[in-house]
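Participant: I am attaching a structure below and will ask some questions about it afterwards.
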Amino acid sequence: MDNKGILIVLSGFSGAGKGTVVKNILKEYNDYALSISATTRLPREGEVDGREYFFKTVEEFKDMIANDELIEYAQYVGNYYGTPRKYVEEQLAAGKNIILEIEIQGALNIKKMFPDAVLMFIMPPNAKELENRLRGRGTEDEATIMARLARASEESEGVEQYDYIVINDTVEECTERIHKIVIAEKMKASNNLNFINNIREELKVYSEGE
Ligand code: 5GP
């Protein structure tokens with residue numbers, strides 16, 4: 001089979017547990033890599049520059065846009081977020097499945113630029129569960145929680161444009177579902193053109209002998 005990395009775009013309502021699921025994927029399997037985004041939002045408590053995000057000023061972020069250092073960017077609840085180009089390209093070339101944990105506008109832009117990208121939307125089992133998880137995190141004030149729930153309602157509008165809906169009931173099950181999708185994507189004929197051509201070449205020997 002071809003050794004091509006899959007470009008995975010993971011989105012989900014804020015609080016749906018994406019971050020935990022991504023960490024678990026990286027822990028369970030070693031052929032995945034995570035893209036670290038640049039953002040102009042302030043670090044949350046415990047977040048480290050270069051680990052959760054590259055934290056930038058608006059000026060720095062605009063420079064990155066101008067220098068074509070981002071493959072996509074979007075605004076979300078008043079801040080800029082964008083995906084640095086270099087790391088993604090390196091990891092794909094090395095055959096790793098690269099995960100972009102980004103919101104919907106960015107996801108749809110990626111799909112336009114990279115039609116082979118696999119868009120997955122992680123959903124909580126229901127809306128109340130989403131609110132509970134957001135509050136349980138305890139890192140945001142009430143106004144921010146409400147803004148995020150309102151945005152979630154807006155985002156649910158575009159979800160049918162994703163390739164897959166993955167329910168996050170437990171982290172383990174959600175992780176496994178994502179991995180199974182990736183395994184299936186790797187088996188797509190369109191992702192195995194080299195393999196197909198090689199077999200064709202090998203088979204020619206037989207037809208020539210007829
Ligand atoms: P948070 O502030 O909660 O870390 O992220 C807010 C939203 O921005 C999430 O939906 C997250 O997936 C999204 N996001 C993070 N990085 C990027 C990025 O590089 N590009 C885009 N388009 N969205 C991002």
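The values are calculated or read from the model by the stated rules, or taken from the named source; none is laboratory data. Not measured: the values here are computed from a predicted model. Here the Cβ positions follow ideal geometry from the backbone for every residue, glycine too, while neighbour counts run over all protein chains shown.
Participant: Filter segment 9-59 down to the residues that are out of contact with any His (no Cβ under 9 Å at 6 or more places or on another chain), part of a helix (DSSP H, G or I) and β-branched (Val, Ile, Thr), then identify the one that is farthest from the ligand (Cβ to nearest atom). Let's see the steps before the verdict.
Facilitator: Of all residues in segment 9-59, those out of contact with any His (no Cβ under 9 Å at 6 or more places or on another chain) come to 9-24, 26-27, 30-31, 33-59.
Narrowing further to those that are part of a helix (DSSP H, G or I): 18-24, 26-27, 58-59.
Within this subset, residues satisfying the condition of being β-branched (Val, Ile, Thr) are 20-22, 58.
On the way: 20: 13, 21: 12, 22: 10, 58: 15 Å.
Only one residue tops the list, namely 58.
Participant: Also: Name the pairs whose Cβ atoms lie under 8 Å apart, with the first residue in segment 100-117 and not assigned by TED's automatic domain parsing to the domain that holds residue 80, the second among the basic types (Lys, Arg) and part of a helix (DSSP H, G or I), and 6 or more positions between them or separate chains?
Facilitator: Partner pairs satisfying both residue conditions: 101/18; 117/111.
Every residue, every condition in (1) within 14 Å of residue 101 (Cβ to Cβ); (2) touching a Gly at 6+ places or on another chain (Cβ under 6 Å), yes or no:
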| site | (1), (2) |
| --- | --- |
| 19 | yes, no |
| 42 | no, no |
| 51 | yes, no |
| 72 | yes, yes |
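Participant: For segment 60-143, give me every one of the strands (runs of 3 or more DSSP E) that falls completely inside it and has 1 or more residues that are within 9 Å of the ligand (Cβ to nearest atom), buried (at least 21 other Cβ atoms within 10 Å of the Cβ) and not aromatic (Phe, Trp, Tyr). If you could, list the steps in order and put the result at the bottom.
Facilitator: On the way: elements: 70-76, 79-84, 97-101, 118-123.
Qualifying strands (runs of 3 or more DSSP E): 70-76, 79-84, 97-101.
Participant: Quick check: is even one residue across segment 179-198 surrounded by fewer than 16 Cβ atoms within 10 Å (Cβ to Cβ), of a type in the set (Ser, Thr, Tyr) and not in a helix (DSSP H, G or I)?
Facilitator: Within segment 179-198, not a single residue is surrounded by fewer than 16 Cβ atoms within 10 Å (Cβ to Cβ), of a type in the set (Ser, Thr, Tyr) and not in a helix (DSSP H, G or I).
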